[in-house]
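> Dumping the structure here so I can ask a few things about it.
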Amino acid sequence: MAKVKQVVDAAEYLSLGISIVVAVALGVGLGFWLKSITGWTAMIFVGLAFGIAAACLNVYKAYKHQVKSLDELKDENRYKKGDFNDEDD
């Protein structure tokens, strides 16, 4: 079962990377489309800025998800600090 969890976690990180690339590519595509409509070359950079902003939003959402999952782990007993006596009797 632990192996399945590793695969799911890896897919989650992979999907974050793919979503960053897709967000920037869609932004650039939007920029080229706006350039074809308006004729302004600067629209490519506007689309790129939107793509980068969307990618940053995806990273922020992934960060918040990680913080939430780590907060859930801190309440588990096995991760709490305790008084351990490692001396041999």
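> Which residue is modelled with the lowest pLDDT, if the candidates are limited to the stretch 1-22 and must be closer than 17 Å to residue 64 by Cβ and among the small types (Gly, Ala, Ser)?
15
> With open to solvent by less than 100 Å² (accessible area, probe 1.4 Å) and assigned to a helix (DSSP H, G or I) as the only criterion, which of 68, 61, 35 stands out?
It is 35.
> So, in the stretch 38-51, of the ones that are outside any loop (DSSP other than H, G, I, E, B) and open to solvent by 80 Å² or more (accessible area, probe 1.4 Å), which residue ends up nearest to residue 15 (Cα to Cα)?
The qualifying residue nearest to residue 15 (Cα to Cα) is 50.
The values are calculated or read from the model by the stated rules, or taken from the named source; none is laboratory data. Model, not experiment: these values are computed from the prediction. As a convention, Cβ positions derive from the backbone with ideal geometry for all residues, glycine included, and neighbour counts pool all protein chains shown. Only protein heavy atoms, including side chains, enter the accessible area calculation; ligands, DNA and RNA are left aside. Shrake-Rupley method; radii C 1.70, N 1.55, O 1.52, S 1.80 Å.
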